Amino acid sequence: MSTQTRPREDLKRKKKQEVVNDFSIQVATVNGSGSQSSNNVLMRAIFRMGVPISGKNLFPSNIAGLPTWFTIRASKEGHAGCKKEIDVLIAMNPGTAREDVESLEAGRVVIYDEKLNLSKIRDDLIYYPIPFSELAGEVVKDVRLRKLIANIVYVGSAAELFGIEMTEVESVIARWFKNKKKAIDLNVQAAHLGAKYVAENLTKSDPFRIQRMEKTQGKIIIDGNSACALGSMFAGVTVLTWYPITPASSLAETLADYLGRYRMDPETGKATFAVVQAEDELAALGMAIGAGWAGARSMTSTAGPGISLMAEFVGLAYFTETPVVIFDVQRIGPSTGLPTRTSQGDTVSLYYLSHGDTKHVVLFPATMKECFDFSIDAFDLAERLQQPIFVASDLDLGMNNWMADPFDYPEKPLDRGKVLTAEDLERVGTFARYKDVDGDGIPYRTLPGTDHPLAAYFTRGSGHNEESRYTERPEDYTNLMDRLAKKHETARTLVPEPIVRYTKGAEIGIITYGSTDVPMEECQEQLRQEHGIEIHYFRIRALPFTDHLKDFVSRCQRVYVVEQNRDGQMGDLIFLEVKDEQGKIRKVLHYDGLPIDARSITDQVMAYERG
Amino acid sequence: MATSTPKPKKVNRLGLALSEYRGRPSTLCAGCGHDAVSSQIMKAFYEMGINPHQVAKMSGIGCSSKTPAYFLGASHGFNGVHGRMPSLATGALLGNRDLICVGLSGDGDTASIGLGQFCHLLRRNVPMIYIIENNGVYGLTKGQFSATSDLGSKLKSGVINDLPPIDCCALAIEMGCSYVARSFAGDPKQLVALLQGALSHSGTALLDVISPCVTFNNHESSTKGYKWAKEHEELLHNIDFIPYFEPIETVEYAEGEVREVEMHDGSHIRLRKVDQDYDPMSRSGAERLLSQTRETGEFLTGLIYVNPVARNFFDLLDFTENPLATLPQEKVRPGPKVLEETMQELM
């Protein structure tokens, strides 16, 4: 499918008139060069001027030396999706400079380290050469420090060129470096030098400009892993067991930080949690399952390779009906694949993970708010349904910077599910661990340590009857399987419902989930403005599907399922669900490892529509 | 007519009879060493007066891992996946640190598929008892070699094992395990004392128990068979266990004839000399001993190493004394002010 960029007629207009608060800046650097703080300063300075931003880090699987690109998108409309066209390139990496410049469209801007001598490559770009290292040398003499400081010089230069207020740059620097006065002074000084050089030596000839507006007041900037970490803390997680893996590590690390800050018991000074970095993902999940069995709110976080390793244990948790929450921050597979590129390639494997007849509950957050909320829901669902609950995030959501409204404090109390205490057992007078007492497929459980003669039961895979005794009788096994299937039906009524928007006059429907939702508003605009096409929109927020899906498909003439994997995994699951209307389903796919962008969706949908 | 008063039922300090520590009937082969081990587990828990509801029985996969169903029926049990009992047990204890956890495993479950988790459990010094019912063979899958099979041993099909066995005790000491013992299912007196010692220990207590497989590995030359073990067992010492809740009788021993180890809970292990004086508190001495027995092929049983004051995993994690599993919402969900503070930082 062609995803070629379109001719940029609009740019000719833009040359004459200013492009305000609607462009992207890409900083091309070398991994490990310390550009992270300066990129954040640049992004947050724009944000503090009231302009909606998003920040995406395209980084290699490497500690130092390989190229890294950080892209800031300023969008007055609040579009946070990937933008295919880069408007301003800040070229700091000699290794990729030529290629970076060549990939730009005509009329775009290149800010570069003077000695890279890039202006000879093409004559249809706007060039701003700046002697970054010399300017940095005026602030510090140490070679290593000079490299770091050069980064903040380009922030100052960009601020001057595009009208980003220096007071905001200064205040972000002060916040970023907290109380380190020397670092603050050095960085502020360097930023001013970068700005001064531009003011004194260059003439602005590009149309791009940042202008103060009022769209970010009261907003936060956060990444999905941090949002999931916060959600987990407010869900009352007590046991976190994990194994390092990109792009999930920062979820566990951020959570451990938050727990250390906010979850020390004020009376005893002791932790109200346990965090264990396990020896591998198998042990990480094993510990989480053991803790869930004992009654703790337990979780682990991982990515695809970890999910594969956890497959056996997930089956054990499913058949023993043990609560546990598993975060999957998806990336491209396999272990030696592209671990720093995003993907939704685990959709089907999460739904059916393990051996035997298993199917699970998977939540798909698409926003920072949902990363927070669904993390809380996941723990409630795990204990309510007594089974593993997956939260399927991805690298784009998890590790990139997103603007969001502050999160709401959870109103619902924790749902600890059907747990019988000694007092309950005394009152009820009977207990069978795997009996469907309430008709919803969810049995009652007791926690080890419960002081009552009825409490104890022996937990084992699937060879158990309602009393949890060993059995190999066919009818006992089918009873168990049928009840688990019934529990799955109950799950349909408890998971987050889809977001559905019907539009008058629309014929086609688009279905997305997770981070594929991000560019959809922009895509809808493109379809409307460029092709006069309206759409019905449906965003899946969980598996199993709710009943809304069939209604939606029946109300559309054609349905495009958009996702970020090669085979259209969710499309396949939908295909199975809507048996009578399978002919309506079409797949729109994006799987190059970069976050999906609106243009790619619009073009693919139109290619189908044109036939 | 003469009346006889019924004999008073023998009970422990909780008023429980030994029969209340039983489980379901065993389905293992008649004569299996594992059943003998189960009997001594029941006895040790009975003698120590442990309330079964406080106990969590954990296991992996294999004949050994089935045994938790055959003792302490009034305790919760979890029969997990192959070689992964250590992580399940660690997690269960993180969730509820009040649980008294006993893990049952075999030589395949521990030394083959579970070697990694076994090592890391020991490194962490997770407070639990880990019993290897070691018969040098896979029973449940019908007789394949395990990682503790004797070098040169022969399957019925004639296949020879040409890999050296892993010594789980030596490995445990290397991994920092703080209670390492070797015993024999056919030596109930020693086994029950070692189990009681394990119950009074605050870290991981490893018991490598030679537990013959009567079906697949009980032939004359098998070092994991009854005949060989009975003929070759050499006691490192005679062991008496004096629980903390019973008075210590003072018995006069000749100089150098006895060593006493005070355990974490105040119980005492009294080791009476057999041939040579042996100090189980010396890690390097224990390593030397195991290195020697590997060369000589001796089958030494007893308490090989103990460090009653080693810091356990809970000490390191420094978490609350109350079980994490049942902390109330107000302890685990921070208030709205905390959320507000975190949001402010992100603005």
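Side notes on the structure shown:
- Failed item, numbered, when A:R539 is tested on (1) charged (D, E, K, R); (2) under 21 Å from A:A491 (Cα atoms); (3) at pLDDT below 95: (3)
- Taken over segment B:11-28, the criterion of being more than 20 Å from the chain's Cα centre (by Cα), closer than 14 Å to A:P453 by Cβ and surrounded by 16 or more Cβ atoms within 10 Å (Cβ to Cβ) is satisfied by B:L16, B:E20.
- Residue, nearest to the other protein chains (Cβ to nearest Cβ), within segment A:445-485, restricted to residues that are touching a residue at least 12 places away in the same chain (Cβ under 8 Å) and polar (S, T, N, Q): A:T459
- A residue that is touching a residue at least 12 places away in the same chain (Cβ under 8 Å) and in contact with a Gly (Cβ under 7 Å, 6 or more places away or on another chain) can be found somewhere in segment A:134-146.
- Flag if A:L454 is outside any strand (DSSP E or B), hydrophobic (A, V, I, L, M, F, W, C), farther than 15 Å from B:K57 by Cβ and touching a Ser or Thr at 6+ places or on another chain (Cβ under 9 Å): yes
- Of residues in segment A:293-315 being among the small types (G, A, S) and touching a Gly at 6+ places or on another chain (Cβ under 7 Å), the one nearest to B:H82 (Cα to Cα): A:G315
- Taken together, the residues in segment A:458-486 that are under 17 Å from B:V81 (Cα atoms), touching a Gly at 6+ places or on another chain (Cβ under 9 Å) and assigned to a loop (DSSP other than H, G, I, E, B) amount to 3.
- Only one of the listed residues (B:I131, B:I50) is buried (at least 22 other Cβ atoms within 10 Å of the Cβ), of a type outside the set (S, T, N, Q) and touching a residue at least 24 places away in the same chain (Cβ under 8 Å). That residue is B:I131.
- Scope segment A:117-137; condition within 15 Å of A:D100 (Cα to Cα) and in a helix (DSSP H, G or I); matching residues: A:L118, A:S119, A:K120
- Filtered by the rule that a residue be away from chain A (no Cβ under 12 Å), part of a loop (DSSP other than H, G, I, E, B) and under 12 Å from the mean Cα position of the chain (by Cα), segment B:94-142 gives a lone residue, B:P127.
- Scope segment B:62-84; condition assigned to a loop (DSSP other than H, G, I, E, B) and either touching a Lys or Arg at 6+ places or on another chain (Cβ under 8 Å) or within 8 Å of another protein chain (Cβ to nearest Cβ) (or both); matching residues: B:L72, B:G73, B:A74, B:S75, B:G80, B:V81, B:R84
- Filtered residue count, segment A:51-91, keeping only those that are without any contact (Cβ under 8 Å) to a residue 60 or more places away in the chain and crowded, with 16+ Cβ neighbours inside 10 Å: 9
- Condition check for A:R433: in contact with a helix residue (DSSP H, G or I) (Cβ under 8 Å, 6 or more places away or on another chain), among the charged types (D, E, K, R) and in contact (Cβ under 8 Å) with a residue 12 or more places away in the chain: no
- Filter result (surrounded by fewer than 18 Cβ atoms within 10 Å (Cβ to Cβ) and touching a Leu at 6+ places or on another chain (Cβ under 9 Å)) within segment B:262-271: B:D265
Here is a yes/no grid of residues against (1) small (G, A, S); (2) part of a helix (DSSP H, G or I); (3) touching a residue at least 12 places away in the same chain (Cβ under 8 Å); (4) surrounded by fewer than 17 Cβ atoms within 10 Å (Cβ to Cβ):
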| residue | (1), (2), (3), (4) |
| --- | --- |
| A:V153 | no, yes, yes, no |
| A:T167 | no, yes, no, yes |
| A:K178 | no, no, no, yes |
| A:N187 | no, yes, yes, no |
| A:L193 | no, yes, yes, no |
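- Only residues that are farther than 28 Å from A:T342 by Cβ and more than 10 Å from chain B (Cβ to nearest Cβ) were counted in segment A:236-276, giving 1.
- All of B:V309, B:V274 fail the test of being more than 20 Å from the chain's Cα centre (by Cα), surrounded by fewer than 17 Cβ atoms within 10 Å (Cβ to Cβ) and among the β-branched types (V, I, T), apart from B:V274.
- Summed over segment B:305-338, residues that are at the interface with chain A (Cβ under 7 Å from one of its Cβ atoms) and closer than 14 Å to A:F234 by Cβ total 7.
- Output for segment A:536-562, where each listed residue is under 19 Å from A:E507 (Cα atoms) and among the small types (G, A, S): A:S554
- Condition met for B:K57 (more than 7 Å from chain A (Cβ to nearest Cβ), part of a helix (DSSP H, G or I), of a type outside the set (S, T, Y) and in contact with a His (Cβ under 9 Å, 6 or more places away or on another chain)): no
- Selected residue [out of contact with any Ser or Thr (no Cβ under 7 Å at 6 or more places or on another chain), within 13 Å of another protein chain (Cβ to nearest Cβ) and either surrounded by fewer than 24 Cβ atoms within 10 Å (Cβ to Cβ) or assigned to a helix (DSSP H, G or I) (or both)] from A:M213, A:M233: A:M233
The values are calculated or read from the model by the stated rules, or taken from the named source; none is laboratory data. What you see is a predicted model, and the numbers here were worked out from it, not measured in a lab. All Cβ positions, glycine included, derive from the backbone under ideal geometry; neighbour counts span all protein chains shown.
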